[in-house]
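Participant: Next up is a structure, given as structure tokens.
The values are calculated or read from the model by the stated rules, or taken from the named source; none is laboratory data. Only a predicted model underlies this, so the values are computations on that prediction, with no experimental measurement involved. Neighbour counts run over all protein chains shown; Cβ positions are idealised from the backbone, glycine included.
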Amino acid sequence: MNASNLIPVAVINPDAPPESLEAKQPAIDNGARNHGKAGYFSHDYMQKEWERVWTKSWLIAGVASDIRAVGDYFLFDIGQESIIVTRTDEGVRAFYNVCSHRGAKLVSEERGNKKVFVCPFHAWSFHNNGDLRRITDEETFQPEVIAHRPGLTAVRCEVKAGVVFICMDDEAAPLAQMLGLPDNYLEGYNIDDMRVVRHVRSEWQANWKVGVEAFYESYHLHVVHPETRGVMGDLNVQYDLYPHGASRMIVPLGQPSPRVADQETVNEGLCMMLEDAGVDPASFTGSAADVRGAIQKGKRERAERMGLDYSRFVDGQLSDSWATGVFPNVQMGCHPEAVFLMRFLPHETDPERFYYDTMTLLFPVESPDYRPPAWMGLPDGTDVTGLTRPATEYYAHNEDAKLGQVLSQDSDLLPIVQQGMRSRGFSGQLWGEQEQRLRHFHVELEKRMGIEH
């Protein structure tokens, strides 16, 4: 079978105008080469990734709502680096979390408010705009040693759509050029007005790329997450590829998988999704085919009651998951009422471990009817008001991170994948068109790694 005979992938809304963010993007030919496996185990490859990808790419460090007041800061730790992101009088800035005197780490608390950073070693101090404030016993230094007034070393930092990006490479192209997503794609979700209601960092036993790959396709849903078959159209997914490794899949929710024989009954899962959208399942008279539309209508009516403006969203954004990938290591589950931000962060020393870092963001709306989509897995009792920024929850690889059933299934599966890839019987990955986002990701990764074929 050649490419022209492949079963076409889905288009969510064939009538969407070309300028709509919902419109199917033109296909990108990333070839059909099989990709090898050495990069999932090698320490040398891991170091090259650090030098050529992590230190030269725009990375999502956090969200601007975490630093609303002047002096607010948070730490972004990745690999061997720790970076302070702080709000100054001039705006959001970022600096390496290290004293310019002897290299001591300046800040240990993950977030707080400091207009002055004081070194715990010799008490040198720095304004939060990076300027040197005071050298302890300055008169004991030869003037030539400190004539350059050694302040903090800045890291490039930009805020877009309420998301804070940093880049450790002064020569890298601007964020606007490298992000890859269409104009106003993220802005429509008003992330800058949302608040973090849960932040979890858990250690998973696999290479970070295995994590990205698992979340960049819906091909595995019917096997790994069989409970989703009644509520997710896993074969009706629209895949879109953008420049610079960015991508998206629109996963229709509120409909049975085409793999399910019964396409009429409003099953228990669909009833839960109706209720989740503010629709009473007991009074619903339609079939399974009508549930997705009812969810869209129910969410619009609920938003109007709560004073939220959903007029900028197309219907599909109200019901479906717009799972949006930002190179190199991010997937954002974008919904009008909530955003689920996932980062796949490399381990400091071990190529066969990574950190799965998730933030759930909601609008600070005090209403019993307001909730995130159930699949985001917020534990019962979570404070969803957004009034208090919760501390990050840290979990080792053998601890239950309370991420919910679906994510726990992924956490259990990925070590099996990582281990199996080591086998002499496995030579490399074979990707179908339901996995086209993986191929797109790896083409960009190898481009930045300088790998030629």
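Participant: Answer yes if at least one residue in region 416-433 is outside any loop (DSSP other than H, G, I, E, B), touching a Lys or Arg at 6+ places or on another chain (Cβ under 9 Å) and among the hydroxyl-bearing types (Ser, Thr, Tyr), and no otherwise.
Facilitator: Scanning region 416-433 turns up no residue that is outside any loop (DSSP other than H, G, I, E, B), touching a Lys or Arg at 6+ places or on another chain (Cβ under 9 Å) and among the hydroxyl-bearing types (Ser, Thr, Tyr).
Participant: Can you tell me which residue within region 434-453, out of those that are more than 19 Å from Ala323 (Cα to Cα) and either hydrophobic (A, V, I, L, M, F, W, C) or outside any loop (DSSP other than H, G, I, E, B) (or both), is nearest to the chain's Cα centre (by Cα)?
Facilitator: Of region 434-453, the ones more than 19 Å from Ala323 (Cα to Cα) are 443, 445-453.
Restricting the remaining residues to those that are either hydrophobic (A, V, I, L, M, F, W, C) or outside any loop (DSSP other than H, G, I, E, B) (or both) gives 443, 445-449, 451.
Details: Val443: 20, Leu445: 17, Glu446: 21, Lys447: 22, Arg448: 20, Met449: 22, Ile451: 26 Å.
Top of the filtered list is Leu445.
Participant: Against the condition free of Cβ contacts under 8 Å to residues at least 12 places away in the same chain and either part of a helix (DSSP H, G or I) or not acidic (Asp, Glu) (or both), how does Ala323 come out, does it pass? Steps first, answer last, please.
Facilitator: Numbers: free of Cβ contacts under 8 Å to residues at least 12 places away in the same chain: no; either part of a helix (DSSP H, G or I) or not acidic (Asp, Glu) (or both): yes.
Criteria not met by Ala323.
Matching residues to (1) farther than 29 Å from Gln418 by Cβ; (2) assigned to a strand (DSSP E or B); (3) touching a Lys or Arg at 6+ places or on another chain (Cβ under 6 Å):
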residue	(1), (2), (3)
Glu217	no, no, no
Asp240	no, yes, yes
Ser257	no, no, yes
Ala261	yes, no, no
Val266	yes, no, no
Met272	yes, no, no
Asp309	yes, no, no
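Participant: May I pose another question? Hand me the list of strands (runs of 3 or more DSSP E) wholly inside region 84-157 holding 2 or more residues that are more than 24 Å from Thr392 (Cα to Cα) and charged (D, E, K, R).
Facilitator: Details: elements: 91-96, 111-113, 116-118, 125-127, 132-134.
Per the criteria, 132-134.
Participant: Turning to a different aspect of this structure: Go through region 340-367 and report how many residues are assigned to a strand (DSSP E or B) and modelled with pLDDT under 95. Quick ask: steps written out before the conclusion?
Facilitator: Looking only at region 340-367, we keep the residues that are assigned to a strand (DSSP E or B), and these are 340-346, 354-362.
Now drop any that are not modelled with pLDDT under 95, which leaves 362.
Matching residues across region 340-367 total 1.
Participant: Quick check on region 183-194. Is at least one of its residues surrounded by fewer than 18 Cβ atoms within 10 Å (Cβ to Cβ), touching a strand residue (DSSP E or B) at 6+ places or on another chain (Cβ under 8 Å), of a type outside the set (Asp, Glu) and outside any helix (DSSP H, G or I)?
Facilitator: No; the residues of region 183-194 include none that is surrounded by fewer than 18 Cβ atoms within 10 Å (Cβ to Cβ), touching a strand residue (DSSP E or B) at 6+ places or on another chain (Cβ under 8 Å), of a type outside the set (Asp, Glu) and outside any helix (DSSP H, G or I).
Participant: Exposed (fewer than 12 other Cβ atoms within 10 Å of the Cβ) and under 19 Å from Thr88 (Cβ atoms): does that describe Asp131?
Facilitator: Numbers: exposed (fewer than 12 other Cβ atoms within 10 Å of the Cβ): yes; under 19 Å from Thr88 (Cβ atoms): yes.
So Asp131 fits the description; yes.
Participant: Considering only residues that are part of a loop (DSSP other than H, G, I, E, B) and among the polar types (S, T, N, Q), look in region 5-50 and name the one that is nearest to Met168 (Cα to Cα).
Facilitator: Checking each candidate, the answer is Ser42.
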